[in-house]
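Right, one structure below, let's go through it.
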Amino acid sequence: GNKWLMSLVLTVGVGLLVSACGTGDKPAASGGSSGGGGAAEKVYVVGTDAAYPPFQMMEADKISGHDIDVMNAIAEAAGFKIEWKNTGWDPLFDGLDRGTVDIGISSITIREDRKQKYDFSEPYFEANQLILVPENSPVTKLADLKGKKIGVQAATTGELVVQKAFGNTYEGLKGYDDMPSAIDDFYNGRVDAVVGDDGMIKYYVKKFKDKKFKMIKDDSFEKEYYGIIVKKGNTELLNKINAGLKTIKENGKLQEIYNRYFGNE
Ligand code: ARG
């Protein structure tokens, strides 16, 4: 209840403070001594692209969202400390490679190709792609978008489904660094459609009620599962994350967080 909320506020607050101080190039969790004798407790740096609502977002300068709550709950359940870093999407993976980020949570779909480079936790969320088009659009399936401009976030599964349908060099495909830029271009009519994760697309449909958008699920879209990533071989940390995740699956906390963001669907 209250205690949990307080520690969430504190954790996020401290995390933002730290990332605001420009720790950009310092190795993550370097474990500096904080004085007072005992070894300082390790604080894991969690990277995210806080521009994928309602999973991770910045609201009034505060990082928030489903994945933020999930990761805070996991850390609390497993008894380790974290701080947040809003890295963006591509830099999140670079940060893991370079060691400036220890943990990545960002609606990251568990995929075989990504498993070559990173170790994934057990899944914590089920998703699928959706197509976002204006309500009066004649489009009813992905193939109908042939020849049209499609906005996606670059290097995401949304981009992959479009490439699979229309080829890797499809001219109409516009890859954005972040999802809000794609949504913005769609809102202003610069692209005809956006493809992305269902939870996020539904969020924007609700947000722009006045604009009247509709969502389409194509038969080719496969189930996806989100996982948390660590550097390949960081088994010690991965075990902690999986232990915390197991706890919050069993004690209902994960469901409680789900209901907080998606309960009225
Ligand atoms: N689930 C998709 C993927 O893994 C999109 C994730 C995008 N997340 C974000 N925070 N921008 O490719």
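Taking VAL195 as meeting all but one of (1) closer than 18 Å to PRO54 by Cα; (2) free of Cβ contacts under 8 Å to residues at least 60 places away in the same chain; (3) among the aliphatic types (A, V, I, L, M), write down the number of the exception.
Every condition holds for VAL195 apart from (2).
What pairs come up if the first residue lies in region 58-77 and is over 18 Å from ASP178 (Cβ atoms), the second is at pLDDT 95 or above and among the small types (Gly, Ala, Ser), and their beta carbons are under 7 Å apart, counting only those six or more places apart or on different chains?
Hits for this filter: ILE74/GLY244; ALA75/GLY244; ALA77/GLY244.
Would you check if LYS115 is of a type outside the set (Val, Ile, Thr), farther than 22 Å from MET179 by Cβ and within 13 Å of the ligand (Cβ to nearest atom)?
In short, yes.
For LYS85, only one of the following conditions fails: (1) closer than 19 Å to LYS231 by Cβ; (2) among the basic types (Lys, Arg); (3) surrounded by fewer than 22 Cβ atoms within 10 Å (Cβ to Cβ). What is its number?
(3)
Would you kindly identify the strands (runs of 3 or more DSSP E) lying entirely within region 189-265 that contain at least 2 residues that are surrounded by fewer than 18 Cβ atoms within 10 Å (Cβ to Cβ)?
Details: elements: 193-197, 213-216, 224-226, 229-231.
Output list reads 213-216.
Among ILE74, ILE82, ILE63, which is in a strand (DSSP E or B), closer than 16 Å to SER121 by Cβ and more than 11 Å from the ligand (Cβ to nearest atom)?
ILE82
For every residue, the table says whether it meets (1) at pLDDT below 95; (2) in contact with a Leu (Cβ under 7 Å, 6 or more places away or on another chain); (3) part of a strand (DSSP E or B).
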{"residue": "VAL133", "(1), (2), (3)": "no, no, yes"}
{"residue": "PRO138", "(1), (2), (3)": "no, no, no"}
{"residue": "ASP144", "(1), (2), (3)": "no, no, no"}
{"residue": "GLY151", "(1), (2), (3)": "no, no, yes"}
{"residue": "GLY158", "(1), (2), (3)": "no, no, no"}
{"residue": "VAL162", "(1), (2), (3)": "no, yes, no"}
{"residue": "ALA165", "(1), (2), (3)": "no, yes, no"}
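Run GLY47 past the list (1) without any contact (Cβ under 8 Å) to a residue 24 or more places away in the chain; (2) assigned to a strand (DSSP E or B) and report the number of the one that doesn't hold.
(1)
The values are calculated or read from the model by the stated rules, or taken from the named source; none is laboratory data. Here the structure is a predicted model, which is why all the values come from computation and not from measurement. Every residue, glycine as well, gets a Cβ built from its backbone with ideal geometry; the counts of neighbours run over all protein chains shown.
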